Amino acid sequence: MDSPFSASLNDKIFEIKSESGNISKVISYFPFSEKERMEIKKILGDDFDSFGSIFTDMVSDEEWEKTKVQIKKKFNDELFHID
């Protein structure tokens, strides 16, 4: 499924779940800001409210930009080495 989201949002998204061709849940690495949630709701509809995140800490855009490569690499390395 092609993502309807901007590149900056896609960068923060870990997984998009869908049911019957419709997006049912958007899972990010860290919780979305209120502005990001509003952007997603604008695209998917105001009633969409199915968000999740892998980590619970809030991070600024600056922190995300500095650490995203390491975070994604570490997470994917650990995920693929689970027995």
### Summary
Only one of (1) over 16 Å from the mean Cα position of the chain (by Cα); (2) within 27 Å of Ile23 (Cα to Cα); (3) open to solvent by 100 Å² or more (accessible area, probe 1.4 Å); (4) at pLDDT 90 or above does not apply to Gly45, and that is (3)
### Task
Test Ile82 against the criterion of being on the phi < 0 side of the Ramachandran plot, open to solvent by less than 70 Å² (accessible area, probe 1.4 Å) and modelled with pLDDT under 90, and give yes or no.
no
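Being among the polar types (S, T, N, Q) and surrounded by 14 or more Cβ atoms within 10 Å (Cβ to Cβ) is true for just one of Ser24, Ser20, Ser53. Which residue is that?
On inspection, the qualifying residue turns out to be Ser53.
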### Message
Can you report the number of residues in segment 58-69 which are open to solvent by 100 Å² or more (accessible area, probe 1.4 Å) and either of a type in the set (S, T, N, Q) or touching a residue at least 24 places away in the same chain (Cβ under 8 Å) (or both)?
### Response
1
### Message
Can you tell me how many residues within segment 1-16 are of a type in the set (A, V, I, L, M, F, W, C) and within 8 Å of the chain's Cα centre (by Cα)?
### Response
4
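The values are calculated or read from the model by the stated rules, or taken from the named source; none is laboratory data. Keep in mind that this is a model prediction, so the values were computed, not measured. Glycine also receives a Cβ, built like all others from the backbone with ideal geometry; neighbour counts cover every protein chain displayed. The protein model used for the area step is the full one, side chains on, heavy atoms only, and it has no ligands, DNA or RNA in it. Shrake-Rupley method; radii C 1.70, N 1.55, O 1.52, S 1.80 Å.
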